[in-house]
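The values are calculated or read from the model by the stated rules, or taken from the named source; none is laboratory data. These numbers come from a predicted model, not from an experiment. Cβ: placed from backbone, ideal geometry, glycine included. Neighbour counts: every protein chain shown. To get the accessible areas, we keep the full protein, side chains included, count just its heavy atoms, and leave off ligands, DNA and RNA. Shrake-Rupley method; radii C 1.70, N 1.55, O 1.52, S 1.80 Å.
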Amino acid sequence: MKLWNQDSYLKSVCTCSCPKCHQGSMFQKMDLKKPSSFFEMKPRCENCQQSFEPEPGYYFGAMFISYALNTALFISVWLGLEILYPEYSLSLLLTLIVIAAILLLPFFFRVSRSAWIAIFIPYQAAKKST
Ligand SMILES: [Zn+2]
């Protein structure tokens, strides 16, 4: 079983591509000069026209995925500090966690939304013409 082929749920989520066709991108391109672009979604897939906002408040549940990702991040930072610098202070730990959470915020936002929509919209492989 290949984890990173065209049909892969994991690849679709990590690359934030359309859950239905795995071709179109769900989000606008990131522009460092315009930080709000990190969070802008396209209304629908340019390849298969799948709506990325099926109903208002659709991504409420993505918050739970984001929560799980952030918990994993916090534990990773804590364990990393515990191993690399065992004499750390609580303020150092909290500072590193806040910096890591802020830096990874756009990534976690996109991946959690991508994972959430991929739960409910199944992949439909394009029909191959022979
Ligand atoms: Zn699509």
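Just a few scattered comments:
- For beta carbons closer than 7 Å, sequence separation of 6+ or different chains, a first residue in the stretch 25-52 that is free of Cβ contacts under 8 Å to residues at least 12 places away in the same chain and among the acidic types (Asp, Glu) and a second that is away from the ligand (no atom under 16 Å from the Cβ) and open to solvent by less than 90 Å² (accessible area, probe 1.4 Å), the qualifying pairs are ASP31/SER37.
- Among the numbered conditions (1) more than 13 Å from the ligand (Cβ to nearest atom); (2) in contact (Cβ under 8 Å) with a residue 40 or more places away in the chain, the only one that GLU55 does not meet is (2).
- Members of the stretch 69-91 that are aliphatic (A, V, I, L, M) and open to solvent by 60 Å² or more (accessible area, probe 1.4 Å): ILE75, LEU79, ILE83, LEU84, LEU90
- Output for the stretch 1-24, where each listed residue is part of a loop (DSSP other than H, G, I, E, B) and either open to solvent by 60 Å² or more (accessible area, probe 1.4 Å) or without any contact (Cβ under 8 Å) to a residue 24 or more places away in the chain (or both): MET1, LYS2, LEU3, TRP4, ASN5, GLN6, ASP7, SER8, THR15, GLN23
- Within the stretch 31-52, considering residues that are more than 16 Å from the ligand (Cβ to nearest atom) and open to solvent by less than 40 Å² (accessible area, probe 1.4 Å), the one nearest to PRO122 (Cα to Cα): PHE38
- So GLN28, is it within 16 Å of the ligand (Cβ to nearest atom), open to solvent by 60 Å² or more (accessible area, probe 1.4 Å) and in contact with a helix residue (DSSP H, G or I) (Cβ under 8 Å, 6 or more places away or on another chain): yes
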